[in-house]
1. Could you run through the stretch 118-137 and say how many residues are at pLDDT 85 or above and surrounded by fewer than 10 Cβ atoms within 10 Å (Cβ to Cβ)?
2. Would you confirm, using the coordinates I've provided, whether G104 is at pLDDT 65 or above and in contact with a Lys or Arg (Cβ under 9 Å, 6 or more places away or on another chain)?
3. Quick one: is G53 of a type outside the set (A, V, I, L, M, F, W, C) and at pLDDT below 85?
4. Given the criterion under 25 Å from E129 (Cα atoms), surrounded by 12 or more Cβ atoms within 10 Å (Cβ to Cβ), of a type in the set (S, T, Y) and modelled with pLDDT of 65 or more, identify the matching residue among Y45, Y33.
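The values are calculated or read from the model by the stated rules, or taken from the named source; none is laboratory data. Keep in mind that what you see is a predicted model, and the values were worked out from it rather than measured. Positions of Cβ are generated from backbone atoms using ideal geometry, with glycine treated the same way; all protein chains shown enter the neighbour counts.
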Amino acid sequence: CEGYIKRLGAVAQNESDTAGSAEMIQQKKLAGYAAIASALAAETYQLEKLDEGIEDESNNWTRFLCLQRIPDDHRISQAGPSSLFAPSTPPSTMKTSIVFCLNGARMPGKLFKALSTFSLRDISITKIESRPMKATH
C-alpha cells in the first residue's frame, strides 16, 4: 500500500497492529486520520470504510499466526494445514514477519542470541527493522 499512500500525499505512521490503529482513531476521536485495517475493524470501531484493494501487489496477503510452546493438534486438524496458506501460493515464495521485543537489562550479545536461532535452523532473514521503544518512566 506504499504507492497508494504516496499518491494520496499522506504520511504513514507505523503502529503495532492494524485493528489497534483503528481503535486508537476511534477512542481518541482523531479527525483527519485513517487506519489501514480490515472491514471488520471499521465495523467494530464504527469507522467509515474509505477504500479497499489498496495493496501494491494484488497477490499480497496478511497472515497471522498463533505461536505457542505446545502444539494444539485439535485446532490444526479442524482448519487443515492447507488453510494456513493463501490459495495456490507455494510456501517457498512466502515471507513471514516476526515482531519481538528484547526487554530487560542491556547485556552484550542479546540481539545476536535472539537472531542466531534463525541461522541455526537455516532460516534466511531478508530484512531487519529496528524501532525505538517509547520510554516508560
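1. Selection size over the stretch 118-137: 1.
2. Details: at pLDDT 65 or above: yes; in contact with a Lys or Arg (Cβ under 9 Å, 6 or more places away or on another chain): yes.
Yes.
3. Working: of a type outside the set (A, V, I, L, M, F, W, C): yes; at pLDDT below 85: no.
In short, no.
4. Numbers: Y45 fails: under 25 Å from E129 (Cα atoms).
None of the other options fit; the residue is Y33.
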